[in-house]
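Student: Please see the structure below; I have some questions.
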Amino acid sequence: MRFGLFYELQLPRPWRPDSELRIVHDTLTQIELADRLGFDYAWAVEHHFLEEYSHCSAPEVLLGAASQRTERIRLGHGIMVLPPGINAPARVAERIGMLDLLCNGRAEFGTGESSTEVELGAFGIEMSAKRAQWRESIDAVTRMFVEEPFAGYDGTYVQMPPRNIVPKPLQKPHPPMWTACSKRESLTHAARHGLGALTFSFVAPDEAEKWIGDYYATIESEECVPAGYSVNPQVAMTLYLMCHEDEATARERGLADHRFFARSLAYYWGLGSHVPGKGDLARDLGLDTPRDQVDKEFPAVLEGAYSGIGTPEQIRRTLREYEAAGVDQILLIAQSGRIKHEHICSSMELFAREVMPEFAERHESAELAKAKRLAPAIEAALARRTAAREVDPEYRVPRTAMPTALPRSAVQKG
């Protein structure tokens with residue numbers, strides 16, 4: 001398995017004037033540390049208006065900054081929201097192309113639709129239309145990566161004339177592509193489109209094995225018609241992380257904060273009714289609950305799907321179960337609630353030293369075997385993908401009249 005850090009930029013109240021400044025710079029420091037320690041990925045979400053739960057509304061800026069402070073870790077959008085009312089397809093393709101150049105071909109392109117009324121409603125996107133908008137947008141964006149020039153698009157939600165989208169990504173035909181998943185059916189949806197599955201649900205290993213079985217069966221079936229021009233057969237699952245030599249210390253440092261993560265997630269995804277600028281999730285969702293009460297209410301955090309909190313040996317045992325289930329990557333939530341920056345860093349260091357090596361040793365051979373097994377299916381899937389198009393060689397961008405505000409003398413001098 002590979003290991004990635006997954007960032008929401010959580011910021012529970014009360015806020016200080018420098019709270020957002022600190023979490024942004026602490027995150028960059030953590031990603032820089034992760035690069036040195038040998039973590040494989042750093043993922044940043046895109047969320048809007050989800051106060052306290054996520055202050056990561058411009059992940060392209062954060063990842064661009066991280067690209068200049070790292071050398072080997074892969075930098076992923078986990079995910080970029082694709083409905084055109086939030087991110088116009090051409091801007092998506094341009095930003096991914098630029099990020100891939102900045103990081104010398106280390107970008108990962110995760111996509112999604114968004115799921116909360118707080119976000120979709122603000123951008124005027126109907127919940128019932130978001131999947132159709134995602135489909136059109138991902139088709140348009142991937143064509144922009146490979147068509148030179150882009151041949152244009154005339155869809156229900158995406159309309160654009162031919163233009164050459166620059167810059168192009170360094171990775172060809174484009175960076176590895178993923179999509180957000182939250183349930184078993186979502187993984188099948190990802191596989192039908194040849195996309196990696198970023199599973200943002202906490203799934204126990206035995207259940208994960210079933211989900212992964214469905215995923216790879218679909219990748220190898222005729223249902224797989226890639227959304228892009230490559231296939232990325234990978235499944236990632238999510239775990240909380242707080243690693244310490246002493247189990248009680250690990251619980252003390254992370255349990256209540258990860259509980260806040262889980263409760264605020266449920267709040268924004270349907271259980272709460274948000275009052276913009278006035279809420280206090282940290283208070284209302286019990287971030288400051290005494291630890292013994294948290295233990296009673298959230299005991300599963302050390303069991304099954306939630307066992308990234310504990311000693312290296314405890315965490316290794318659970319990760320072996322995920323590895324056996326076929327998980328390709330674990331998305332580690334190290335930064336949640338009010339966990340201290342120094343505790344996150346020490347946890348990462350211990351995890352990298354005591355947990356990661358045995359999984360890295362087995363990963364390469366497992367990946368080679370999987371690639372060999374899937375090669376015929378991937379070749380067949382790509383043959384089903386509609387080829388890139390060409391623009392009519394006679395096409396010209398319509399000429400526009402000279403603006404009346406621009407003096408003709410300026411044109412002559414220019």
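Bear in mind that the values in this text are calculations on the coordinates, not laboratory data. Every value quoted in this text rests on a predicted model; they were computed, and no experiment measured them. Don't worry about glycine lacking a Cβ; one is built from the backbone with ideal geometry, like all the others, and counts go over all protein chains shown.
Student: So what is the diffusion coefficient of the range 169-322 in µm² per second by Stokes-Einstein at 25 °C and 0.890 mPa s, using a Kirkwood Rh over Cα pairs?
Tutor: 140
Student: For helix 247-266, what angle does its Cα long axis make with the longest principal axis of the chain, in degrees from 0 to 90 and rounded to 10?
Tutor: Long axis of 247-266 versus the principal axis of the chain: about 40 degrees.
Student: Rounded to the nearest angstrom and ordered from largest down, what semi-axes does the equivalent ellipsoid of the range 81-188 get from its C-alpha gyration tensor (root of 5λ)?
Tutor: After scaling each eigenvalue by five and taking roots: 23, 17, 12 Å.
Student: Taking a point 7 angstrom from the Cα of Val225 along the C-beta vector, which residues in the range 354-393 have backbone N less than 14 Å away?
Tutor: Within reach of a label on Val225: 381-387.
Student: How many nm is it between the label spots at Asn104 and Ala58, if each spot is 7 Å from the Cα in line with the beta carbon?
Tutor: If labels sit at Asn104 and Ala58, their model points lie 2.7 nm apart.
Student: Straight-line reach from Lys130: which aspartates and glutamates have a Cα under 16 Å away, not including same-chain ones fewer than 8 places off?
Tutor: Output for Lys130: Glu46, Glu113, Glu117, Glu119, Asp139.
Student: Here's something else I'd like to know. At most 15 other Cβ atoms within 10 Å and a DSSP loop assignment: could you name the chymotrypsin sites (Phe, Trp or Tyr not before Pro) in the range 11-56 that fit?
Tutor: For chymotrypsin sites (Phe, Trp or Tyr not before Pro) across the range 11-56 that sit outside H, G, I, E and B with at most 15 neighbouring Cβ atoms in 10 Å, the list reads Trp15.
Student: Give the dimensionless ratio obtained when the Cα radius of gyration of the range 35-84 is divided by 2.2 N^0.38 Å.
Tutor: Dividing the Cα radius of gyration by 2.2 N^0.38 Å gives 1.24.
Student: Karplus couplings for the range 12-20 from phi (6.51 cos²θ - 1.76 cosθ + 1.60, θ = phi - 60°), rounded to Hz, Gly and Pro as x?
Tutor: Karplus values, whole Hz, x for Gly and Pro: x, 5, x, 9, 9, x, 9, 4, 5.
Student: Also, quick follow-up: From the Cα gyration tensor of the range 1-134, with a ≥ b ≥ c the square roots of its eigenvalues, which class applies: rounded if a/c is under 1.5, or else prolate if a/b is larger than b/c, or else oblate?
Tutor: oblate
Student: For the range 129-171 and the range 15-40, compute the distance between their C-alpha centroids and round to whole Å.
Tutor: 33
Student: On the principal axes of its Cα set, how long, how wide and how thick is the range 161-221? Give whole Å, largest value first.
Tutor: 47, 25, 23 Å, listed from the longest principal axis down.
Student: If I fit a long axis through the Cα atoms of helix 205-219 and take the longest principal axis of the Cα atoms of the chain, what angle between them do I get, 0 to 90°, rounded to 10?
Tutor: For 205-219 against the chain, the angle is about 20 degrees.
Student: Right, here's the next one. In Å, what is the Rg of the alpha-carbon atoms in the chain, and how long is Dmax?
Tutor: 22.5, 78
Student: Helix-derived [θ] at 222 nm for the chain: sum -39500 (n - 2.57) over DSSP H runs of at least 4, divide by residue count, nearest 500?
Tutor: The helix contribution divided over the chain gives -14000 deg cm²/dmol.
Student: Rounded to the nearest angstrom and ordered from largest down, what semi-axes does the equivalent ellipsoid of the range 1-48 get from its C-alpha gyration tensor (root of 5λ)?
Tutor: Three semi-axes, in Å: 23, 13, 7.
Student: What is the distance, in nm, between label points placed 7 Å from the Cα along the Cα-to-Cβ direction at His25 and at Arg316?
Tutor: 3.8
Student: For Lys210, list the aspartates and glutamates whose Cα falls under 15 Å from its own Cα; do not include residues on the same chain fewer than 8 positions away.
Tutor: Glu185, Glu321, Glu323, Asp328
Student: Please report, in whole Å³, the volume per residue of the convex hull around the C-alpha atoms of the range 125-231.
Tutor: Per-residue hull volume (Cα only) is 124 Å³.
Student: Of Ser186, Ser54, Ser365, which has the largest mean-square fluctuation in a 10 Å C-alpha GNM of the chain?
Tutor: Judging by the Gaussian network model, the answer is Ser365.
Student: What is the angle, in °, between the Cα long axis of helix 341-354 and the longest principal axis of the Cα atoms in the chain? Nearest 10 is fine, range 0 to 90.
Tutor: Between the helix axis and the principal axis of the chain, the angle is about 80 degrees.
Student: Using each residue's phi in the range 183-199, evaluate 6.51 cos²θ - 1.76 cosθ + 1.60 at θ = phi - 60° and report the 3J(HN,Hα) Karplus result to the nearest Hz, with x for Gly and Pro.
Tutor: 8, 4, 5, 5, 5, 5, 4, 4, 5, 4, 9, x, 9, x, 9, 8, 8
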